[in-house]
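The values are calculated or read from the model by the stated rules, or taken from the named source; none is laboratory data. Model, not experiment: these values are computed from the prediction. All Cβ positions, glycine included, derive from the backbone under ideal geometry; neighbour counts span all protein chains shown.
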Amino acid sequence: MDDLERLYTTHYAAVVRFLYRKIWDADRAEDLAQEVFIRAMAHRPEKPRAWIFAVAANLARDEARAAIRRKKHLTLLKDDPVPLSTPDASADETVERDERWAQVSGALATLTDRDRDVLLLWDGGLSYPEIAAQTGLAVGAVGTTLARARKRLIEAYDRTEYTADAARS
Amino acid sequence: MTELNIRLTRHVPDDELHAYLDQALSRSQCVEIETHLAVCARCSDNRDAHAAMRDRTTALLATLTPRALIIPPPYASLEERRIGLPHFSRLQRSLRRSAKWAAGIMVAIGAGWAGRSIFDPPRAPEAIAATVADTLEADKVSIKAIPLATVAPQLATVSPAPDFVPSDRPVPERRTRRSSVRSVTGQRPEAAIMPAPMLQLVSSVLPTRESLDQPAPAPRLETVSSFERIWRRVSWEEALKIAGSGLPFIEGMPVIGVLLQPGSGGERPTVIVAQQDGTGEVIQSIEGPVAKVFDLLQRQSAPDVFASAASRTPPDYVEEHGVTRRGIRILMVTGRLTVDSLNALAKVATIR
């Protein structure tokens, strides 16, 4: 098993999640993740982990532009209701999960592009120097950006939850 | 003051705390921060708060996952796909060649356009109108109305708006100079000029204007008739007494029926309130525990009846085996309307 294959096994899920949080399409995220690794096979980059996330970010950006051209809305964050899953024994959990998904993705959408990128790259498992190299920030500024992004995400989430509770009561 | 004292008295800034928690600092920096944290309660508390924030962020982001389990396809399958794909640099070269061709064509079109505007400037509208009039006269165009059905049968069924008055004089078709010249020299079919029909936007799911004059249809509550033995048909007042404050209601629509199913074990009853809108369409608001509402919707057999998205209503608190369980309740609005319309109705529905 070579380095890239090992990286594929350990980081495939992280790349899919990273892409999914940018394009909000599970199937497309998997397609793009495979595309990223296929390109990595051809290029054999020196720093594969950082390279993979950089290519994934570029593909997600291209996908977003293409989606805008196709007049597709990328997110279901606005007033559109989140489609509910097929009812089953755990219908309560399904409703709660869908609602939580909408709240968290709504909170994530309130962040600036830079804050969101840094947060998602950190969650993808990249180190501070790798995040700095990809976003163009100084290594010392990654901690500041992450601190701000985390704080804003939680504040935005709490705000939506408070609003939802108030609407229910 | 010694250097050690300065380090001990300097509080750790937030970004450094985050970097420390993310293990992004060097060993010496970590030792420095840990030394300070050991003696500074304020920074220690701050560290705990930031650690909690970090953990909470991770937990929140974990909800944004496409699937619970993401399994990568076999690595060998990627190899096969890579071999099957054209080489990237070859693809790039072919794209570059296409782009050059496209750019060449655009330059040629641009040059032609510029040349035309220089050597053949556009004439004034009055001059064009005179040319058109001359051409019509020269061609002796016979203008006559032909039935709409022969031209566009699919539009013939669309009636013009009531305030539409056909003009006595047909509007001549707008022509460019080039077409008028060709018409003088060549054969041209008879012009068929007719007023464009004014289309009325009529949704296929909404009732027509004629149906408004008909008596309102009977409420369609037969979808739950199989539950007649457990469902009770009650009046609005009776339902208010039984359900207390759990009746869904859309303002401005008369209530034509209420079906009610008592809840079990401390649950509030499940309620279906049928109301009629201005067009005679029956709107059913269903409020109850999630599973029951979904069960009812699944039994809905009519293909043209849609449902709104679920919105949460106050939950039930049910005592079970000595513990209190929180049961989620939802409200959904169904009817022969578009989902957008039903969503809008669900938003204005109130719980009485």
Residues (buried (at least 22 other Cβ atoms within 10 Å of the Cβ), in contact (Cβ under 8 Å) with a residue 40 or more places away in the chain and either under 21 Å from B:Ala76 (Cα atoms) or acidic (Asp, Glu) (or both)) located in the range A:16-53: A:Ile52
Lone unmet requirement of (1) farther than 26 Å from A:Lys151 by Cβ; (2) surrounded by 17 or more Cβ atoms within 10 Å (Cβ to Cβ); (3) of a type in the set (A, V, I, L, M, F, W, C) for B:Cys40: (1)
Residues of the range B:9-23 satisfying the condition of being assigned to a helix (DSSP H, G or I), within 9 Å of another protein chain (Cβ to nearest Cβ) and surrounded by fewer than 21 Cβ atoms within 10 Å (Cβ to Cβ): B:Asp14, B:Asp15, B:Glu16
Yes/no for B:Arg268 being assigned by TED's automatic domain parsing to the domain that holds B:Glu237, outside any loop (DSSP other than H, G, I, E, B) and among the charged types (D, E, K, R): no
Contacts under 7 angstrom Cβ, first residue in the range A:142-169 being facing another protein chain (nearest Cβ under 7 Å), partner of a type in the set (Lys, Arg), 6 or more apart: A:Arg150/B:Arg54; A:Ile154/B:Arg56; A:Arg168/B:Arg312
Test: residue in the range B:268-284 that is within 14 Å of chain A (Cβ to nearest Cβ) and either under 29 Å from the mean Cα position of the chain (by Cα) or crowded, with 18+ Cβ neighbours inside 10 Å (or both): yes
Test: residue in the range B:286-302 that is among the hydrophobic types (A, V, I, L, M, F, W, C), touching a Gly at 6+ places or on another chain (Cβ under 6 Å), more than 10 Å from every other protein chain (Cβ to nearest Cβ) and closer than 17 Å to B:Gly257 by Cβ: no
Close pairs from the range A:106-128: first on the phi > 0 side of the Ramachandran plot, partner of a type in the set (Lys, Arg) and part of a helix (DSSP H, G or I), Cβ under 9 Å, at least 6 apart: A:Gly125/A:Arg49
Cross-chain or 6+ apart pairs with Cβ under 7 Å, the range A:1-15 first and facing chain B (nearest Cβ under 9 Å), then among the aromatic types (Phe, Trp, Tyr) and surrounded by 12 or more Cβ atoms within 10 Å (Cβ to Cβ): A:Glu5/B:Tyr75; A:Tyr8/A:Phe37; A:Tyr8/B:Tyr75
Lone unmet requirement of (1) modelled with pLDDT under 90; (2) more than 8 Å from chain B (Cβ to nearest Cβ) for A:Asp115: (1)
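To keep it simple, each residue is scored yes or no on (1) of a type in the set (A, V, I, L, M); (2) modelled with pLDDT under 80.
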residue	(1), (2)
B:Leu221	yes, yes
B:Phe227	no, yes
B:Leu240	yes, yes
B:Ile250	yes, no
B:Met253	yes, no
Residue in the range B:50-62 that is under 21 Å from A:Gly140 (Cα atoms), more than 7 Å from chain A (Cβ to nearest Cβ) and surrounded by 11 or more Cβ atoms within 10 Å (Cβ to Cβ) present: yes
